[in-house]
Amino acid sequence: MLEQINYPSDLKKLKVNELEQVCQELRQYIIDVVSVNGGHFGASLGVIELTVALHYILNTPYDQLVWDVGHQAYGHKILTGRRSVFHTNRLYKGISGFPKRGESEYDTFGVGHSSTSISAALGMAAASYYKGETDRQHVAVIGDGAMTAGLAFEALNHAGIENSNLLVILNDNCMSIDQNVGALKEYLTDITTSKKYNRFRDDVSLVLKKISELGPDARKLFKKIEKSIKGTLLKKSNFFEALKFRYFGPIDGHDVKHLVKVLDDLKHIPGPKLLHCVTVKGKGFALAEKDQTKWHAPGLFDKITGEIKKTISEKPQPPKYQDVFGYTLVELAEQNPNIMGITPAMPSGSSMNIMMKAMPNRAFDVGIAEQHAVTFSAGLATQGMVPFCNIYSTFMQRAYDQVIHDVAIQNLNVVFCLDRAGLAGADGATHHGAYDLAYMRCVPNMTVSAPMNEEELRNLMFTAQQENMGPFSIRYPRGQGVMPDWRRPMKAIPIGKGRKICDGEEAVILTIGHIGNEVVKACVELNADGIYPAHYDLRFVKPLDEALLHEVFKKFKKVITVEDGCLQGGMGSAVLEFMSNNNYNAQVVRLGIPDEVIEHGEQQELWALCGYDADAIVETVKQLVSSRETKTLAS
Ligand SMILES: Cc1ncc(C[n+]2csc(CCOP(=O)(O)OP(=O)(O)O)c2C)c(N)n1
């Protein structure tokens, strides 16, 4: 059946009792493709029935369907014109792993970061209301994990007093990437299991039934019946009702026929509504149902046995930076009783789970709440604690005011560990950690650093937890480092002190962070061709190692800067500022992320695209040393 469905219009030709078969085929298709291609997995399997029912009932793309985070939208993509290209998901030049407006008119809102759907759908609904498009539906599908964010609460708070035609579907599977956390989660579990609420659900079904039977006068009748149950169960004890939403559910999110009926009924009820669907993440793939965190995005796997494929290597592999962070934090916390760990919903992704397991009273998962994570850390720091607040570079964007207002202005000793910094790879534009060097560099009191390898990461963490360090950011990329034997004793690094990697002549390369290893590779190739550039690892973008830079600009007239971050305002910019402030004259070529949106692809592929993988660096050095004129060049 799936082969006959290219667009929702094809789906609508089917009878309701044929939809279960469509769900089964759609589920299998996702398993087939993701097992050989990679990508997010469990979340899409959990919303198959919802996806089919929504496209069956709604008049998409006229009706606006907004997916939160968007990692669960594979079924949506397949049913909206992208089945035949789904095998290119997340590949360079292939379709995006998230909804993207430029890709399809069915993708109403670009996503990747969580908890935006209610605000966005409410904006769409308000615009429709203003334009008089009263028949238009606006639906936000949001998970219980994404619902923990401040942004989602802000949107609910606003939506409750708007007349807009908005349906929020709460996809409640009790999971974020790891177990969902917090009081809201416990509340949702309560109302899913409590008898009172189940009885209430039956009342609602009755009301809906009456509506469908009675046609045009239905709304009037609904108001009457609603009034009779208002003030009792509804208002007093339902969180969403208290925010002036009409609450429906909880219902089984895997019963496609029932979903079709309920969604059809809800179309006729105006104003803000919330439908609570209970689903199972990974539904239909036993292993994914069982270990939902592992199967959030498992990589490649055997779809029959479920065995996750590993890249086999003879040599001992360096660890991932995130694991070096996780183990080092515990090691430091054993010595320093003031250290605390904070993660906003990324215990596994950041390896904070190592500390959460070893020291449960000193490590917090605060939910998808980056802003809160930062201000909570600031609060801890006022009491003499040393919080290590680990947030992916891209997600830290959401907590920028908290970084400045709550931490930096008060000069509090909060250590920001920014994982997945630089080009993040297949997750694409929404997930690249492109901006942190620039956005941290302009904040007063902030130390901005990046390790080139695991040993440096450990030393920077050791340095940052010393007394009176103030706000301290340490950024490192996703994936593996370069040193298999990384567990060396830690030592403090003088703040703002860079280091020389190799001496050279003619040209100098300045780097920050892990990308310096591409320069090491490039130098091997250049040396073989008789070209010997010097290489310095700055370690700190702020404060800059001015002594090192004086040495560099006195000796070299050809300077290349390389960073895995945006060119505007990053390390290269800092070097140009230094050069200008000190009246040096040199030819400076800056390599980094240009001022444009970089799409998805393999990390190495994207480094090459942006012109700062080892090959591109070799090319740049060769061009620079062969150019005769020496002029100041900001490229
Ligand atoms: C602002 C932000 N922080 C963190 C993440 C990482 N992240 C992606 S999916 C996810 C869990 C979402 O849980 P939920 O909304 O319940 O959806 P589910 O995966 O359970 O279907 C998290 C934390 C993100 N995408 N955006």
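The values are calculated or read from the model by the stated rules, or taken from the named source; none is laboratory data. Predicted, not measured: the structure shown is a model, and the values here were computed from it. Glycine gets a Cβ as well: all are built from the backbone with ideal geometry, and neighbour counts include every protein chain shown. In case anyone asks, the SASA skips ligands and DNA or RNA and just uses the protein heavy atoms, side chains included. Shrake-Rupley method; radii C 1.70, N 1.55, O 1.52, S 1.80 Å.
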Only one of LYS244, LYS283 is in a loop (DSSP other than H, G, I, E, B), at positive phi, open to solvent by 10 Å² or more (accessible area, probe 1.4 Å) and touching a residue at least 40 places away in the same chain (Cβ under 8 Å); which?
LYS244
Filtering region 598-625 down to residues that are open to solvent by 70 Å² or more (accessible area, probe 1.4 Å) and assigned to a helix (DSSP H, G or I), which residue is nearest to VAL519 (Cα to Cα)?
ASP615
Matching entry among LYS273, LYS309, LYS283, LYS294 (being at pLDDT below 95 and basic (Lys, Arg)):
LYS309
How about region 593-614: which of its residues are free of Cβ contacts under 8 Å to residues at least 60 places away in the same chain and in contact with a helix residue (DSSP H, G or I) (Cβ under 8 Å, 6 or more places away or on another chain)?
PRO594, ALA608, GLY611
Restricting attention to region 328-349, and to residues there that are hydrophobic (A, V, I, L, M, F, W, C) and in a loop (DSSP other than H, G, I, E, B), which single residue is farthest from the ligand (Cβ to nearest atom)?
MET346
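Please determine whether any residue of region 478-485 is closer than 28 Å to PRO298 by Cα, among the polar types (S, T, N, Q) and either open to solvent by less than 50 Å² (accessible area, probe 1.4 Å) or within 24 Å of the chain's Cα centre (by Cα) (or both).
yes
Which members of region 499-509 meet the condition of being open to solvent by 10 Å² or more (accessible area, probe 1.4 Å), of a type outside the set (Asp, Glu) and in a loop (DSSP other than H, G, I, E, B)? Give the derivation first.
Pass one, region 499-509, residues open to solvent by 10 Å² or more (accessible area, probe 1.4 Å): 499-506.
Imposing the further condition that a residue be of a type outside the set (Asp, Glu) reduces the set to 499-502, 504.
Passing the criteria: only GLY504.
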Here the residues within region 531-544 that are in contact with a Lys or Arg (Cβ under 9 Å, 6 or more places away or on another chain), open to solvent by 10 Å² or more (accessible area, probe 1.4 Å) and not in a strand (DSSP E or B) are ILE531, ARG539
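Go through TYR106, TYR92 for me and flag whichever is within 16 Å of THR51 (Cα to Cα), hydroxyl-bearing (Ser, Thr, Tyr), open to solvent by 10 Å² or more (accessible area, probe 1.4 Å) and more than 12 Å from the ligand (Cβ to nearest atom). Lay out the reasoning, then the answer.
Details: TYR92 fails: within 16 Å of THR51 (Cα to Cα).
One residue alone meets the criteria, TYR106.
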Going by what's in this entry, would GLU454 be described as among the acidic types (Asp, Glu) and open to solvent by less than 40 Å² (accessible area, probe 1.4 Å)?
yes
In region 157-198, residue farthest from TYR56 (Cα to Cα) [restricted to those that are buried (at least 24 other Cβ atoms within 10 Å of the Cβ) and away from the ligand (no atom under 15 Å from the Cβ)]:
ALA159
Provide a single number: the residues in region 110-143 that are farther than 23 Å from LEU184 by Cβ and open to solvent by 10 Å² or more (accessible area, probe 1.4 Å).
14
If you go through region 51-84 one residue at a time, how many are closer than 17 Å to VAL280 by Cα and over 23 Å from the mean Cα position of the chain (by Cα)?
2
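Just a yes or no: is a residue in region 350-366 within 16 Å of the ligand (Cβ to nearest atom), part of a helix (DSSP H, G or I) and in contact (Cβ under 8 Å) with a residue 40 or more places away in the chain? Outline the logic, then answer.
First, the residues of region 350-366 that are within 16 Å of the ligand (Cβ to nearest atom): 350-353, 356, 364-366.
Narrowing the set further to residues that are part of a helix (DSSP H, G or I) leaves 350, 353, 356.
Narrowing the set further to residues that are in contact (Cβ under 8 Å) with a residue 40 or more places away in the chain leaves 350, 353.
Yes: region 350-366 contains one or more residues that are within 16 Å of the ligand (Cβ to nearest atom), part of a helix (DSSP H, G or I) and in contact (Cβ under 8 Å) with a residue 40 or more places away in the chain.
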Do you know which of the residues in region 247-280 that are outside any loop (DSSP other than H, G, I, E, B), within 25 Å of ASP190 (Cβ to Cβ) and among the β-branched types (Val, Ile, Thr) is most open to solvent (accessible area, probe 1.4 Å)?
VAL278
With modelled with pLDDT of 95 or more, assigned to a helix (DSSP H, G or I) and under 23 Å from the mean Cα position of the chain (by Cα) as the only criterion, which of GLY123, GLY94 stands out?
GLY123
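Would you check if ASN445 is of a type in the set (S, T, N, Q) and either farther than 24 Å from GLY481 by Cβ or surrounded by fewer than 19 Cβ atoms within 10 Å (Cβ to Cβ) (or both)? Even if it seems obvious, please write down each step before you answer.
Details: of a type in the set (S, T, N, Q): yes; either farther than 24 Å from GLY481 by Cβ or surrounded by fewer than 19 Cβ atoms within 10 Å (Cβ to Cβ) (or both): yes.
When the stated conditions are applied, ASN445 passes them.
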With the first residue restricted to region 540-558 and required to be more than 28 Å from ALA492 (Cβ to Cβ), and the second required to be acidic (Asp, Glu), Cβ contacts under 7 Å at 6 or more apart or on different chains are LYS558/GLU506
Of the numbered conditions (1) crowded, with 19+ Cβ neighbours inside 10 Å; (2) under 28 Å from the mean Cα position of the chain (by Cα), ASP291 satisfies every one except a single condition; which is it?
(1)
